[in-house]
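See structure below.
No lab work stands behind these numbers, since they all come straight from the coordinates. No experiment lies behind these values; they were computed from the predicted model shown. So basically every Cβ, Gly included, is an ideal-geometry build from the backbone, and we count neighbours across all protein chains shown.
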Amino acid sequence: MPELPEVESLTHFLRERAVGRTVLGVDVVGFQALKTFDPPVTSLGGLTITGVTRHGKFLDLDCDGLHLVIHLARAGWLRWRDDLSGAKPVRPGKGPLAVRVRLAPDDEGLAPGFELTEAGTQKRLAVYVTKNPDDVPGVAALGPDPLHESFTVAALKRIVGGNRTQIKGLLRDQKVIAGIGNAYSDEVLHAAKMSPFKIAATLTDAQIADLHEAIVTTLADAVERAHGLAAKDLKAEKKSGLRVHNRAGQPCDVCGDTIREVSFADSSLQYCPTCQTGGKPLADRRMSKLLK
Ligand SMILES: [Zn+2]
């Protein structure tokens, strides 16, 4: 799933390639992906892309004041195409292609564009056409961006104070902090040497400062690594930079202990017992519930 660093990189990538170009048309293949009907998606045709920004994990293309807002969800991706002039017309089907954005040809006659694809059968990729990105419920509800200067230690202290949820769930909650998902919450907690099951409200001031440092450096480092990469190379870069996420059974880079996995919410999390939980493996609550 693309999280803040990957979406930030895609934002840069699209800004460099798409800003200043005219939209020829937007073909919606997976109809469930289009979440808005007014203004219609056809109204983007003929408009010029004037800016590309990010809100949490949402991409926002400003087309002369009309916005195409994209959420790639768990299995979605963006694929840049240097020339779509010879591409076959798209037909609704069972393939991964959800949306194709065609741009006007340049001086060399190449008509570039990009495609939004989604693997698997669960279709969660979402696109919105709106005059105001804040009309998208997921954008309006976003918490602070952890790479914005307003995200200070004091801001994080206000967020965790009195919050009785487990820190892993809190980090992933887009309404609390924008842009962190399952992978980077594992990475942040490993960097902060903190148990994912710790209750947010119990953090000391020193732990809040450590957590803040871990959030900012983990995300900034990932943004740095992803910067300048082509969209197609981002997934491999993300994978190679992860220290605990999806690495159960492998040794921890920091201490050599074996990285473990437990179920959490609708998926699983990975952590290092020596670095994060005083050497004790966490109980898998879902498993113990099943065994009762
Ligand atoms: Zn470790």
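Observations, loosely collected:
- For the range 4-141, the spherically averaged projection of the C-alpha convex hull amounts to 7.7 nm².
- Under the simplified labelling scheme, the ASN246-THR121 pair shows an inter-label distance of 2.2 nm, with each label point 7 Å from Cα along Cα→Cβ.
- Qualifying trypsin sites (Lys or Arg not before Pro) for the range 61-101 [loop in DSSP, other Cβ within 10 Å: at most 16]: ARG74, LYS94
- Cα extents for the chain along the principal axes, largest to smallest and rounded to whole angstrom: 61, 37, 36.
- Scattering curve values for the range 1-83, log₁₀ I(q)/I(0), Debye with Cα scatterers, q = 0.24 Å⁻¹: -1.41
- Each residue of the range 106-115 was assigned a 3J(HN,Hα) from its phi angle through the Karplus curve 6.51 cos²θ - 1.76 cosθ + 1.60 (θ = phi - 60°); the sequence is 8, 4, 7, x, 7, 10, x, x, 9, 10 Hz, with glycine and proline shown as x.
- The sum of -39500 (n - 2.57) across all DSSP H runs of n ≥ 4, divided by the residue count of the chain, sets its helix-only mean residue ellipticity at 222 nm to -8000 deg cm²/dmol.
- Given LYS123/LYS280; LYS94/LYS168; LYS57/LYS131, the pairs whose alpha carbons are separated by over 27 Å: LYS123/LYS280; LYS94/LYS168
- Distance between the range 60-112 and the range 147-194 - C-alpha centres, whole angstrom: 33
- Cα pair distances of the range 153-271 binned at 10 Å [whole percent]: 13, 45, 33, 9, 0
- Alpha-carbon centroid distance for the pair the range 224-264 / the range 113-132, whole angstrom: 25
- Summarising the label geometry, the points placed 7 Å from Cα in the beta-carbon direction at LYS88 and LYS131 lie 4.0 nm from one another.
- Cleavage-rule hits (chymotrypsin sites (Phe, Trp or Tyr not before Pro)) in the range 1-100: DSSP loop, at most 14 neighbouring Cβ within 10 angstrom: PHE37
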